[in-house]
Amino acid sequence: MNLTQFSQFFPEKRECSLENTGIFYVGDLARNNRIFLVPTPDEDLLLFFSRWIGLDRDGRTIAIPAGVRLTGQVGGFTVGALSMQTGATRGSRATNYGVLRRRRNLGTGSDAGLIFMSRQATDSSGDYNRVFGVDGNIRFFKKLDWNSYLVGTAMPGQSRGQYAGRSSLSYQGNFSH
């Protein structure tokens, strides 16, 4: 039973969603968690978290009758694509979830990427949410990191406060004399 006002963050355990999970992270999460580590919600903005697909707002399971997930390298880009269809329940509509991610390495420790995500009810309600963004992680002199992202969202009835961004500069090295 969740007695807090915030939803709990449980790590993804479904085998089909674990491989190459870091491809779908945006911001410095992309750098720090590319292979298999699971971020915590307070580390950064977590745009995509596959564990929420197939659960309603109360944490009850919703059937996923169909889905496809592809990750890999194409023409010098790291790419990821996901599409999952959930069934309808008494409390939620049948919904399609989609994610497209493209990232390119820009040398040792640097990369830039694009992401597009979509949640679309498959009935005639017109309920949807789209997220689009760009991010970059640039490493200078093997010790100075510049991480930035800018994302936006579009959904019916919303026209303000639909953007988020961050830019940070960090130095990772020893201060010895």
Original post:
In the stretch 42-170, what is the volume of the convex hull around the alpha carbon atoms, normalised per residue and reported in Å³?
Top reply: 133
Original post:
Using the Cβ atoms and a cut-off under 13 Å, what net charge is assigned to the surroundings of residue 125, where Lys and Arg are +1 and Asp and Glu are -1?
Top reply: 0
**OP:** Beta carbons within 10 angstrom, averaged per residue: use that to sort the peptides 54-63, 142-151, 155-164, highest first.
**Re:** 142-151, 54-63, 155-164
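Readers should treat all values here as calculations from the given coordinates under stated rules, not as data from a laboratory. Just so it is clear, the structure is predicted and the values come from calculations on it, not from any experiment. Cβ: placed from backbone, ideal geometry, glycine included. Neighbour counts: every protein chain shown.
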